[in-house]
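Report on the structure given below.
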Amino acid sequence: MEGLHQLLEPQPNAILYASELAAFFNRSKYMESLLPYVTELLDYPPQVERNLRTGKSKVMLPSVSVMGGSTKDWLTTPYQIPL
């Protein structure tokens, strides 16, 4: 998530391409914040702020689309996000 946020800071328009969504949104511990972050971006908020290791960072007017593919089974199985 942190790397994506840093890429969007200077250029907030992007298409995220994932040939396999299950691999892109994997359930690894270090990737657990990616799905909620991308979901927030897809709501097209006026800005997204994060506290990163390098300090506070803000993306203004993010415009992000996701283009990806997967199997019907993966798409219809609820994504389990630990609370």
remark   = Within segment 37-81, restricting to residues that are more than 17 Å from the chain's Cα centre (by Cα) and charged (D, E, K, R), the one that is farthest from LEU21 (Cα to Cα) is LYS56
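Working only within segment 1-54, note down all residues that are of a type in the set (Val, Ile, Thr) and over 20 Å from TRP74 (Cβ atoms).
Here is the first cut: in segment 1-54, the ones of a type in the set (Val, Ile, Thr) are 15, 38-39, 48, 54.
If the condition is that a residue be of a type in the set (Val, Ile, Thr) and over 20 Å from TRP74 (Cβ atoms), then ILE15, VAL48, THR54 are the ones that fit.
No lab work stands behind these numbers, since they all come straight from the coordinates. Note that this is a predicted model, so its numbers are computed, not measured. For neighbour counting, all protein chains shown are included, and Cβ atoms are generated from backbone atoms with ideal geometry for every residue, glycine included.
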